[in-house]
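*Asks:* Handing you a structure now.
Readers should treat all values here as calculations from the given coordinates under stated rules, not as data from a laboratory. Just so we're clear, the structure is a prediction, and the values are computed from it rather than from any experiment. Note: ideal-geometry Cβ built from the backbone for every residue, glycine included; neighbour counts use all protein chains shown.
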Amino acid sequence: MDKKTMFIFLLVIFSLKFFDASVANTGILKNISFGYMFVAIVISLPFLFKSSGGFVLPIQLICISMVVSIFMARFTWDQGFEYSPSTIPYAIWFVFFFLLKLNIPIKTIENIVLIYGLIYIVLFIFQFTHNNVVYFGTRELVQDRGIIRIVFPGSGVFFLSCFIAINKVTSTDKYRYLWLLYALLGIVIIVLQVTRQAIVVMLLFYLIHFLKNVKLIYKIATIAFFVLAGYVFLNSGTSISKGLIEQQKEDASAGGNYVRIVEAEYYLTQFTPNTISKILGNGMYNDNSKYGKVIVNLEENYWYFLSDVGLVEVYVLFGIFAILGYLLIFVKSLTIPLPENYYYLKYYLWMIMLTSFTSDSIISYNFLITTVLVLYCYQRILEHELLRNKLILESINYPSEKITHLHFTQESSN
């Protein structure tokens, strides 16, 4: 493993805080994680304005918003700068620009994600089968929706690895059945976590991927099969199916009092104390500061969790320009084409977009490093395509000149 690969490999596990392992929440492992992320951010700063086009501007907006938010936390809530390290896991966005400098092969990124995806599966199974003790994450493990619910930390690498797997099923003949097995195992694990939107989104993109190039009759048959399978599962009488149905009925009966609607309305209309903070954000909080204690009080006594309302959380913490950055990323993911063997990049970004209203996947450190890696790969492919088009134009204008590297293939991008 070369130095570049090792740098990214370690950055992923440190950014995920060792999948929120309880042994890494304090002490030397926590300090190493924050120190490594801080160094990665610092060495990325000189490259912040070295690139342009594609996803560069949106990420620059997000990065600048995070820097400004440190001062906004001081201005609005009198949170001392000694609490600023709380921003470090969320500022991993800066590493995007250092990755462009390193020019790491996309194949390397894929392999790293797949390794951590496998680690995620193994650790989830371990925690699921040893649910009397919380080894990963901060949630108390209780009976919920018909099962001891374990929403395992570090889901970003898991989702992305599953999307890579389904892409491999259709883009390569090598190990096809192993990739399919991996993809199916991903569905099983998501169902066991009984998170409704995650189940729906994963199944949706699986269907989109496998049905996009098949005949209409097969599309109809496959959709009918999934609908029937879903119906059978929900009416199977298992504890999981009963739990999901009961939770859905409870949320539907709440109507306008649905907790996420109430939370979003409060944070949008009542939380921020002044006009400038409504534009530039309140900044990231530390649980031990006066500002952080206000958030903790809202969560513990009123059940107003910022993490339940992702886009609103981005706005409250980092302001309008960070929201603009995210919106530009989503728009570009819809409009910038990709070769079919890289569709997993789109699936991941669209998953973040679809879940951004009712979860913190858009901002959580459990997803951010993966989001950065996805956007790096997307940006690199875009730059290759632009170079390819430029060379084609040159070959047309100067046919006697020998032009090489006209074909963009997976191998050349790797």
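*Asks:* Mind checking which lysines have their Cα closer than 29 Å to the Cα of Lys290? Skip sequence neighbours fewer than 8 apart in that chain.
*Replies:* Qualifying lysines at Cα under 29 Å: Lys17, Lys30, Lys278.
*Asks:* Each residue of segment 309-320 in turn: what ³J(HN,Hα) in whole Hz from Karplus with 6.51, -1.76, 1.60 and θ = phi - 60°, glycine and Pro shown as x?
*Replies:* 10, x, 5, 5, 4, 4, 5, 4, 7, 10, x, 5
*Asks:* List the chymotrypsin sites (Phe, Trp or Tyr not before Pro) in segment 19-100 that DSSP assigns to loop (not H, G, I, E or B) and whose Cβ has at most 11 other Cβ atoms within 10 Å. Which are they?
*Replies:* In loop regions of segment 19-100 (DSSP not H, G, I, E or B), the sparsely surrounded chymotrypsin sites (Phe, Trp or Tyr not before Pro) are Phe49.
*Asks:* What are the lysines whose alpha-carbon lies under 16 Å from the alpha-carbon of Lys50, with same-chain residues fewer than 8 places away excluded?
*Replies:* Lys50 reaches Lys101.
*Asks:* Could you order the peptides 276-284, 301-309, 373-381 from most to least packed, using the average number of other C-beta atoms within 10 Å per residue?
*Replies:* In decreasing order of mean packing, 276-284, 301-309, 373-381 become 373-381, 276-284, 301-309.
*Asks:* Rounded to the nearest 0.05, what FRET efficiency do Val133 and Leu324 give with R0 = 25 Å and r taken as the Cβ-Cβ distance? Could you check?
*Replies:* Working from the Cβ atoms, E equals 0.05.
*Asks:* Given +1 on the Cβ of Lys and Arg, -1 on the Cβ of Asp and Glu, and no further charges, what dipole in debye does the chain carry about its Cα centre, rounded to the nearest 20?
*Replies:* For the chain, the charge dipole is close to 860 debye.
*Asks:* Please compute the contact order of the chain in relative form: average sequence separation of alpha-carbon pairs under 8 Å and at least six residues apart, divided by the residue count, as a percent.
*Replies:* Here the relative contact order equals 25 percent.
*Asks:* Further question: Spelling out what I want: for every residue of segment 183-189, take phi, set θ = phi - 60°, compute 6.51 cos²θ - 1.76 cosθ + 1.60 (Karplus), and round to whole Hz; glycine and proline get x.
*Replies:* 4, 5, 4, x, 5, 4, 5
*Asks:* For the chain, what is the mean residue ellipticity at 222 nm derived from helices alone (per DSSP H run of n ≥ 4: -39500 (n - 2.57); sum divided by total residues; nearest 500 deg cm²/dmol)?
*Replies:* That comes out to -21500 deg cm²/dmol.
*Asks:* With θ set to phi - 60°, apply the Karplus curve 6.51 cos²θ - 1.76 cosθ + 1.60 along segment 117-125 and write out the HN-Hα couplings as whole Hz, x wherever there is a Gly or Pro.
*Replies:* Once θ is set to phi - 60°, the couplings for segment 117-125 become x, 5, 4, 4, 4, 4, 5, 4, 4 Hz.
*Asks:* Search the structure for amide H atoms under 5 Å from the amide H of Phe136, placed 1.01 Å from N in the peptide plane, and list their residues when 5 or more places away or on another chain.
*Replies:* Here the answer is Ser22, since their amide H atoms fall under 5 Å of that of Phe136.
*Asks:* Can you give the FRET efficiency for Ile220 and Leu118, using 1/(1 + (r/R0)^6), R0 = 35 Å, r = Cβ-Cβ distance, to the nearest 0.05?
*Replies:* 0.50
*Asks:* Which of the peptides 317-329, 208-220, 103-115, 262-274 is most tightly packed, and how do the rest follow, judged by the mean count of other Cβ atoms within 10 Å per residue?
*Replies:* The peptides rank, most packed first, as 317-329, 103-115, 262-274, 208-220.
*Asks:* Run down the lysines and flag those whose C-alpha is under 21 Å from the C-alpha of Lys215, throwing out any fewer than 8 positions away in its chain.
*Replies:* Lys168
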